[in-house]
1. Within region 59-119, which helices (runs of 4 or more DSSP H) (wholly inside it) include 1 or more residues that are modelled with pLDDT of 95 or more, under 14 Å from the mean Cα position of the chain (by Cα) and surrounded by 14 or more Cβ atoms within 10 Å (Cβ to Cβ)?
2. Restricting to region 1-48, name every residue that is assigned to a helix (DSSP H, G or I), touching a residue at least 24 places away in the same chain (Cβ under 8 Å) and over 27 Å from the mean Cα position of the chain (by Cα).
3. Are any of the residues in region 125-132 assigned to a helix (DSSP H, G or I), within 19 Å of Ile84 (Cβ to Cβ), open to solvent by 70 Å² or more (accessible area, probe 1.4 Å) and modelled with pLDDT of 95 or more?
4. Whether any residue in region 34-49 is open to solvent by 50 Å² or more (accessible area, probe 1.4 Å), closer than 21 Å to Leu23 by Cβ, in contact with a His (Cβ under 8 Å, 6 or more places away or on another chain) and charged (D, E, K, R) is what I want to check.
5. Does Ala156 qualify as being more than 30 Å from Glu53 (Cα to Cα), at pLDDT 75 or above and surrounded by 15 or more Cβ atoms within 10 Å (Cβ to Cβ)?
Amino acid sequence: MENKKTRDEILSAYMNHLLEKGLRPASVYAFCRDLEMEEAGFYKHFGSFEALEKAVFKAFFDQSMQLLAQNKEYHDFDAKNKVIAFYYTFFEVLKANRSYVLLALNDKKDKLKVLASLSELKKAFSEYIDGLEIETPKLPHDKIEKVKERSLRESAWAQLLFTLRFWIEDTSADFEKTDVFIEKSVNTAFALLDATTLNSVFDLGKFLYHEKIMSN
């Protein structure tokens, strides 16, 4: 049984299995048997099903970055518009895989398991945010500056998680409300980085109140 599968083929087969069966394969052996491949072929790419699940969301990120790289206008955007473009692109990729995302992330009993499956995505997204070199007010001490940079990464990740939850619960046509939320929340985040204006905060607050997200 020498049927070799690529990393992407294994990812796709696993996603299909979960969507069709509603649960993980009984074992790596059973999964590989269905794919008519040796177990060694699986372990060449993934150490476990948990590692594979982390790789799925990292693959969604990679696909988004590949699409952005093909957009000539994206390279001329400032940091804020690059983040907005990333969000729109990332959630388009998620939309194409919504059934899997809902199945993978709607485990209300095990929140830690859900967060663990997003760990590779978090690492890649944090590196992406670092690479944007977002301008923030300078602070007078190096250690404080490092804390600020770490806080920026964590805040950006929290915002992505919040947007992901909003999208999961969004029932509007073509997820139009998520598009509105993305623009308002990113604009607010960047306004807070440099600013003194509360207009964006107020605008976002009105939108969230209208959607009653605070009560969910």
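1. Counting at least 1 such residues, we get 79-96, 98-105.
2. Leu35, Gly41
3. Scanning region 125-132 turns up at least one residue that is assigned to a helix (DSSP H, G or I), within 19 Å of Ile84 (Cβ to Cβ), open to solvent by 70 Å² or more (accessible area, probe 1.4 Å) and modelled with pLDDT of 95 or more.
4. Yes, region 34-49 contains at least one residue that is open to solvent by 50 Å² or more (accessible area, probe 1.4 Å), closer than 21 Å to Leu23 by Cβ, in contact with a His (Cβ under 8 Å, 6 or more places away or on another chain) and charged (D, E, K, R).
5. So Ala156 does not fit the description; no.
The values are calculated or read from the model by the stated rules, or taken from the named source; none is laboratory data. Not measured: the values here are computed from a predicted model. Glycine also receives a Cβ, built like all others from the backbone with ideal geometry; neighbour counts cover every protein chain displayed. Ligands, DNA and RNA are excluded from the accessible area calculation, which covers all protein heavy atoms including side chains. Shrake-Rupley method; radii C 1.70, N 1.55, O 1.52, S 1.80 Å.
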